[in-house]
Amino acid sequence: RCLSDWSSDVCSSDLMLITVRGIVRAADRNQNVDADAAMLQVLTEGGYIVVIADHFTPAEREGLLDAEVEITGVAGGQFDGKYQMHGVQLSVSSPANVKILKPASASIWSLPLTSMDQIISSYQVTDRTQRVRVQGTITYYQPGSSVVLQDGNKSLWIATQTIDPLRVGDVVDATGFPESQNGFLALTRGEIHDTYMHVPIAPQLTTIQDLTASRHVFDLVSVEAQVVSSARGAAQDE
């Protein structure tokens with residue numbers, strides 16, 4: 001069995017045939033591959049994984065929702081433009097490799113209606129993610145929202161509620177909890193400790209092609225371009 005811990009089991013099992021168990025939370029067509037391929041989001045003991053499974057009909061996809069399944073496939077990672085791993089993915093060649101151990105108790109479309117303002121009553125989570133600490137130079141800071149740190153060619157978005165008077169260019173320590181947000185690594189519930197060492201980062205001159213490929217995601221960059229419009233906002237200009 002694999003995936004009891006992303007960081008050890010999956011990375012050491014890359015491209016190996018493995019078997020996992022979990023509950024299917026989403027099952028949709030995958031627009032990036034064949035038309036009959038399914039993209040499943042499966043909740044396992046160690047967290048969510050993405051499963052790309054070939055040759056699934058719409059009815060078969062819907063039949064997997066909320067079912068407990070056993071999946072056999074080739075292990076791999078999900079990577080951003082810097083080839084940093086931010087998630088786990090299995091590739092499955094046949095529906096026969098997705099076995100339903102326990103079907104959903106009812107069709108998802110037969111569930112009772114819930115008032116939109118009451119949906120939080122169904123929210124439950126058990127989170128065993130451990131706190132980590134990183135260090136880098138501040139390249140962006142929006143008080144009460146976010147800090148971006150950079151260390152060489154590595155950079156990280158940190159969600160934080162701090163409103164401390166942090167200075168762009170200072171080296172800081174940050175602690176928080178790792179997550180994948182919109183396909184990119186991030187640190188959430190961040191706390192920041194300023195070392196007051198001022199070591200500014202020099203921006204990298206880059207191109208629109210590199211930016212759209214996420215090769216410099218969260219890096220401090222500079223581009224040459226022509227301003228075509230501008231807008232003044234309450235918190236920041238665009």
Taking the dipole of the chain about the Cα centre (Lys, Arg +1; Asp, Glu -1; charges at Cβ), the one of Leu64, Ser155, Ile208 that reaches farthest to the positive side is Leu64
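For segment 52-91, what's the relative contact order in percent, using C-alpha pairs closer than 8 Å and at least 6 residues apart?
It comes to 38 percent, rounded to a whole number.
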Could you calculate the FRET efficiency of Leu111 with Thr19 from 1/(1 + (r/R0)^6), where r is the beta carbon distance between them and R0 is 25 Å, rounded to 0.05?
0.25
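State the percentage of accessible surface on segment 72-190 attributable to carbon and sulfur atoms; use a 1.4 Å probe and exclude ligands, DNA and RNA.
Working: 4060 of 7480 Å².
For segment 72-190, the apolar C and S fraction of the accessible surface comes to 54 percent.
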Gap separating the Cα centres of segment 169-238 and segment 70-138, nearest whole Å:
27
Just add up the charged neighbours of Lys99: K/R +1, D/E -1, any other residue whose Cβ is under 12 Å from the Cβ of Lys99.
0
Equivalent ellipsoid semi-axes - Cα gyration tensor, segment 39-135, angstrom
26, 23, 12
Give the relative contact order (percent, whole number) for the chain; include only Cα pairs under 8 Å separated by 6+ residues.
13
Probe 1.4 Å, accessible area per residue of segment 125-238, Å²:
68
Taking every other residue with Cβ under 15 Å from the Cβ of Thr206 and scoring Lys and Arg +1, Asp and Glu -1, one gets -1
Charged-residue dipole, Cβ positions (Lys, Arg, Asp, Glu), the chain about Cα centre, Debye nearest 20
280
Based solely on its DSSP helices, what 222 nm [θ] is calculated for the chain when runs of n ≥ 4 H residues each add -39,500 (n - 2.57) and the sum is averaged over all residues, nearest 500 deg cm²/dmol?
-1000 deg cm²/dmol
Please compute the modelled spin-label separation between Thr72 and Gln84, points set 7 Å along Cα→Cβ, answer in nm with one decimal.
3.7
R0 of 35 Å, Cβ-Cβ distance Thr206-Ala159: FRET efficiency to nearest 0.05
0.90
Can you divide the C-alpha Rg of segment 169-213 by 2.2 N^0.38 Å and report the result to two decimal places?
1.54
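The values are calculated or read from the model by the stated rules, or taken from the named source; none is laboratory data. In this text, all values refer to a predicted model and were calculated from it rather than measured experimentally. Positions of Cβ are generated from backbone atoms using ideal geometry, with glycine treated the same way; all protein chains shown enter the neighbour counts. Surface areas here come from the heavy atoms of the whole protein model, side chains and all, with no ligands, DNA or RNA. Shrake-Rupley method; radii C 1.70, N 1.55, O 1.52, S 1.80 Å.
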